[in-house]
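This report concerns only the one structure given below.
What follows draws every value from the coordinates through simple rules; no lab data is involved. Because the structure is a prediction, the values reported are computed rather than measured. Backbone-built Cβ (ideal geometry, glycine too); neighbour counts: all protein chains shown.
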Amino acid sequence: MNNFISLNILDRFRFLYEKLGIDYDTMKLILRVKLTLDSRKTSNLLGRQQFDQYLDQYKTVQIIYTIIGFFMMFIVIMSKNTLVSMATYFAMFMFFISTNFMSDFSSVILDVKDKSILATRGIDLKTLNASKITHVMIYMLKISIALSGFSLIASLKYGLLFSLVFLIEIFLINIFMLMFSGLIYLLLLKLFTGSKLKDAITIIQIGVTVSFSLAYIIVMNLSTSINLFKSIHLGKLIYFLPPFWFASLLEIIATKDINKTLLILSFLALVIPLISALIYIKLTPVFEKNLQKLNNESSNKNIKKYKFPIKLTKIICKDKEERIFFNFFSRMIRVDRDFKATVYTTIGSNLICFFVVLDRYVEDMGVYIYLFLYSYVTIIPTIIIALKFSRNYNASYIYKTIPIKNKMNVHKAAIKACLANIIIPIYIISSIIFINIYEVSKVQHLIIIFLVTIFIAISTFVILNKNLPFSQPPNIFKKNYAILDNYLMIVLTLIMAGVHFVISLFGTLPLNIYMIALLIINIILYKLAFRVK
């Protein structure tokens with residue numbers, strides 16, 4: 001097996017594992033096997049894929065995170081106030097790490113296969129859990145290095161000690177995120193069982209990600225409203241914002257200014273991650289024992305019957321085959337936990353950012369306030385892309401076993417189900433709230449943005465590969481294979497927002513012409529996109 005650099009580095013911390021009662025040699029052997037599998041055809045973390053495809057996708061993801069990290073570096077370079085800048089930086093960093101962990105790595109922590117195979121061979125639960133945590137930590141640290149690499153280099157302007165503490169805090173943030181998530185999962189495992197447990201975990205994943213989005217916005221707003229932190233007067237709120245914990249010690253190093261608030265925040269940054277790690281390790285046997293509940297599927301006798309989509313399908317689906325798949329995908333959208341975790345997390349985070357930023361710039365935008373609705377349109381590609389993936393992708397064999405006359409009916413039904421069950425309802429609700437709060441007088445603007453929403457949804461389908469819905473495994477690289485297409489559609493959305501703005505400068509008649517033109521373009525694009533091949 002390969003001699004991994006990460007394992008060689010891990011040997012330096014052998015004494016810590018042994019003090020915690022973990023069989024280090026056994027854990028290292030498990031990790032070596034898992035990392036070897038990750039780099040071959042099959043992987044417990046990444047799923048089945050060819051090595052060359054794996055390598056290309058891995059490089060793509062790393063490059064994307066590195067580019068994001070490059071732009072984050074300017075927060076450090078252009079800093080005028082260390083505490084404000086670093087709190088902003090850590091808020092962004094924690095947001096990326098939390099969303100990445102919740103969407104891609106939480107399934108590894110909740111994996112029950114290792115226990116079924118290895119625990120029966122005499123490996124204690126603490127060692128087994130440590131291998132899972134360390135496995136995830138290795139990948140998260142790689143992501144963290146990509147995000148923070150440029151910033152670590154830039155931080156040398158404040159001195160070597162500053163950079164060293166910065167690096168240690170990046171590591172502590174990863175520990176904090178992992179342990180915090182693990183303790184939440186433990187609580188859920190104690191409270192729920194079967195299907196209710198899986199639903200609760202999905203809700204928590206959505207809630208945590210949205211919460212970190214909200215925390216990021218709070219920090220950003222605080223950062224713009226505070227000039228000097230020599231005497232901090234934010235009340236008790238600051239003690240509940242982790243980005244300020246980690247920024248405070250760097251503030252002390254950079255400015256040599258020490259006060260009670262900074263000392264308390266620095267203490268929290270060092271102690272909370274360590275305490276959470278000790279509590280988690282202490283409760284590891286309980287955690288592993290309760291994981292078995294994930295295998296218990298409790299039947300739900302009170303299955304809700306959604307009559308509205310069934311009636312709706314008779315209106316929007318003329319073809320009988322398309323109608324059958326529309327009903328099928330409408331149900332999948334409501335019950336598939338991975339799809340809900342991806343889509344509702346994106347929608348929730350986006351809507352929070354949307355209304356907070358909107359409230360801040362409402363006076364500056366004036367009559368052009370409707371343009372903020374385009375921020376909702378930018379998440380449409382993410383929703384369409386999410387239709388491709390499912391944890392139960394093996395069930396896609398049904399596409400081959402049943403006689404499908406035209407596979408484009410399957411794609412057409414999936415897009416329509418997504419529009420009818422998610423995209424259009426949320427857009428209508430957002431528009432109603434928008435009209436009531438900001439009193440947008442011209443309905444043409446809302447209709448145009450609605451037509452742009454349909455255009456972006458169909459265009460996203462056109463540029464993506466034509467894998468059938470819910471037929472791909474949800475691994476961290478295949479989820480990102482369409483990330484460039486996603487950004488391309490976001491750019492197209494922004495361009496269309498610009499076109500909308502320019503046309504609106506010329507009055508109502510050009511708006512009506514543009515609206516009719518969009519309607520015609522959508523009809524033509526729809527017919528071309530789903531034509532029989």
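The Cβ shell under 15 Å around N129 holds other residues with a net charge of +3, Lys and Arg each +1, Asp and Glu each -1. Subtracting the Cα-Cα distance of I433 and I352 from 0.36 nm times their residue separation leaves 27.8 nm of extension gain.
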